[in-house]
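The structure appears right after this line, and notes come after that.
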Amino acid sequence: GYIDTSQKPFPTTYGSPTAPVNLGSGGWHAGGGGAVYLAVSGPATVEGTIAARGGKSAGPWSAGAGGSIYLSADSLAGSGALDAGGGDGGSGGGGGGGGRVAVVLATGTDFGSVTNRARGGSSDVMLPGAAGTVYLQKAGQSAGAGTLIIDNGGLLTVGQVWTGNSSNAVDYTAFSQIVVTNKGNLAIFPADTFDLAAAPLATHNRDDTTLTIVHPAGVTFPSPTLTVSGYTLALFTNTTISANVTIASGGRLSHPANMSTNLPSFTPRLDLTVNGDLTVAAGGEINADGKGYVVGQGPGPGVGAGNPQGGTHGGRGGWRNAFVSVTNGGYGSFLAPGTFGSGGGHNPVSTNWGLGGGAVKLTVSGLTTVDGRISARGQRAWDYTSAAGGSIYVRTGQLAGSGVIDAAGASTGNWGPGGGGRIAVVLTNSDSFGSVAMRACGGRTDDDANNCGAAGTVYTETLSQGPGKGLVVIDNTNQVSKAGVSTDLPSGS
């Protein structure tokens, strides 16, 4: 995990998942885990602990990463533990990333009751490290064809903090099973090989299992239909899928959160082209809520003016107190939106973070059916000012369904609510939007009904209307804003 905005968005992950020997990297004032290599000619029994954990920070610093544990033996028994977890971060520091554990058995077919751990370290500022890897190979399996486990022990990482190997290519089709669980997030890098049609990915649920495609170069998508069910599929960059795509009930399509101000060419967003039909089933979602700008990590051009104001995007954020002067107006295109929502005006600490909505662009050649939800809402900051909604831009042949497209700003307790984001839906072969609801309203203030964020924009365009001649709707769902908290239509957009 990291907290400094100077951290590059792609921290280098390294080492072999099947035969690890590398040391863990150090944090700030905390060392990484060491390396343990055990080649046993007979059976191995582990009742105690074999550890190569990252160092824990003793002060307000970041922790060290876990190291490596490699154990080969005829068989394995016992109820002990192999632990290459990341160290826990101190007050204000990120947790260390998990290391690597591998157990290879020559004659054994089970691993006893031994616990194998490589989770990331915890953090009191919500910046835990990502899980490392656990590899288990039993008798009868060829080298490298065992089970790969990514288990982060329930610790949710933020932004581009994931598990992978950015320094060496990995062929994920070689494993007999890939288990991603307990907030694990497996990242597929450009040189990797991953087949979504054949890879033995064991899914759990969309909150516990995330597969992030950093670049689709080595990814094979199934045909005729890619179905996302029981996990979150996160896309980092422009991706084209020449097949139908279905986000089933319990499935989620998303993008990683923006957590760095540098290297803007690597800024994540969901930009998906579907050469076929797209279906978001009831209970399924395309979700970029809280994936945009955040104060302290690149607050965005519409960051709230000081503590009282919520984030701005299509609509301006509301104020906690009597109206002062609104310093940041709306931004982004209302015809073809693609910008993030901005964070609120308070520097975040702990659970008070309020991230702006992310950015979703969907280009669909056929029919888009939305019975679930497509959203890029701002995130509520429970104690301070909340964030603005993001962007949703859909270009599709036809649209049907009775779901919702939502880029609303976030509500707040008694501080400033976020402004609404921007939505545009362009039909290239139809004049009907079905029964799909669209909203980009501002957030509300729980204790002041007259202090809401301003609405963002919803632009709809049919085949008959033609390019740029559609309808712009500014609808704040009967919520009242203070004077000066308004909706902006930037010129030339």
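When +1 charges are put on Lys and Arg Cβ atoms and -1 charges on Asp and Glu Cβ atoms, the dipole computed for the chain relative to its Cα centre reaches about 620 debye. Rounded to the nearest whole Hz, the Karplus-based 3J(HN,Hα) values (6.51 cos²θ - 1.76 cosθ + 1.60, θ = phi - 60°) of the stretch 397-412 follow the sequence x, 9, 10, 8, x, 10, x, 9, 10, 9, 10, 6, x, 8, 7, 8, with x at glycine and proline.
Peptides 447-454, 411-418 ranked from most to least packed, by the mean per-residue count of other Cβ atoms within 10 Å: 411-418, 447-454. Rounded to the nearest Hz, the phi-derived 3J(HN,Hα) couplings of the stretch 332-338 under the Karplus curve 6.51 cos²θ - 1.76 cosθ + 1.60 (θ = phi - 60°) are x, 7, 8, 7, 9, x, x, where x marks glycine and proline.
Place +1 on the Cβ of every Lys and Arg and -1 on the Cβ of every Asp and Glu in the chain, take the dipole about the Cα centre, and give the residue among 215, 17, 310 whose Cα lies farthest towards its positive end. Highest projection toward the positive end goes to 310. With both residues required to sit in the chain, DSSP beta bridges show an antiparallel share near 10%.
Computing Rg and Dmax of the Cα atoms in Å for the structure here picks out one of [x] 25.1, 92; [y] 26.7, 93; [z] 23.8, 79, namely [z].
Length available on full extension from residue 139 to residue 79: 0.36 nm per residue minus the Cα-Cα distance, which gives 19.6 nm. Overall, the anisotropy analysis places the stretch 358-447 in the prolate class: the square-rooted eigenvalues a ≥ b ≥ c of its C-alpha gyration tensor yield a/c not less than 1.5, with a/b exceeding b/c.
Taken about its Cα centre, the stretch 84-223 carries a charge dipole of roughly 120 debye when the Cβ of each Lys and Arg holds +1 and the Cβ of each Asp and Glu holds -1. Working ranking of peptides 475-485, 99-109 by packing, defined as the average number of other Cβ atoms within 10 Å per residue, highest first, is 99-109, 475-485. Here the simple spin-label model places points 7 Å from the Cα toward Cβ, and for residue 217 and residue 489 these points are separated by 4.4 nm.
A straight chain from residue 240 to residue 171 at 0.36 nm per residue would run longer than the Cα-Cα distance by 22.7 nm. Whole-Hz Karplus values for the stretch 37-51 come out as 10, 10, 10, 10, 6, x, x, 10, 10, 10, 9, x, 10, 9, 10 Hz, taken residue by residue from phi with 6.51 cos²θ - 1.76 cosθ + 1.60 and θ = phi - 60°; glycine and proline positions read x. For the chain, give the percent of accessible area contributed by carbon and sulfur heavy atoms, probe 1.4 Å, rounded to a whole number. Of all accessible area on the chain, carbon and sulfur atoms account for 50 percent. Dipole orientation for the stretch 425-483: of the candidates 459, 449, 429, 429 has the Cα lying most toward the positive pole (charges on Cβ; Lys, Arg +1; Asp, Glu -1). Less than 5 angstrom separates the built amide H of residue 361 from those of 270, 271, 272, 393, all sequence-distant by 5 or more or on a different chain.
The residues 37, 293, sorted by heavy-atom accessible surface at 1.4 Å with ligands and nucleic acids left out, run 37, 293 from largest to smallest.
Between rounded, prolate and oblate, where does the stretch 153-202 land on the alpha carbon gyration tensor, with a ≥ b ≥ c its root eigenvalues, rounded for a/c under 1.5, else prolate if a/b exceeds b/c? Verdict is oblate for the stretch 153-202. Let's test the formula: R0 of 22 Å, r as the Cβ-Cβ distance of residue 39 and residue 193. What FRET efficiency results, to the nearest 0.05? With a Förster radius of 22 Å, E is 0.15. Can you compute the FRET efficiency between residue 29 and residue 156 using 1/(1 + (r/R0)^6), with r the Cβ-Cβ distance and R0 = 30 Å? Round to the nearest 0.05. It comes out at approximately 0.75. Each peptide in 60-66, 466-472 was scored by the mean count of other Cβ atoms within 10 Å over its residues; highest first, the order is 60-66, 466-472.
The values are calculated or read from the model by the stated rules, or taken from the named source; none is laboratory data. If you're wondering where the values come from, they're calculated on a predicted model, not measured in any experiment. Here Cβ is always computed from backbone atoms with ideal geometry, including for glycine, and neighbour counts include all displayed protein chains. The protein model used for the area step is the full one, side chains on, heavy atoms only, and it has no ligands, DNA or RNA in it. Shrake-Rupley method; radii C 1.70, N 1.55, O 1.52, S 1.80 Å.
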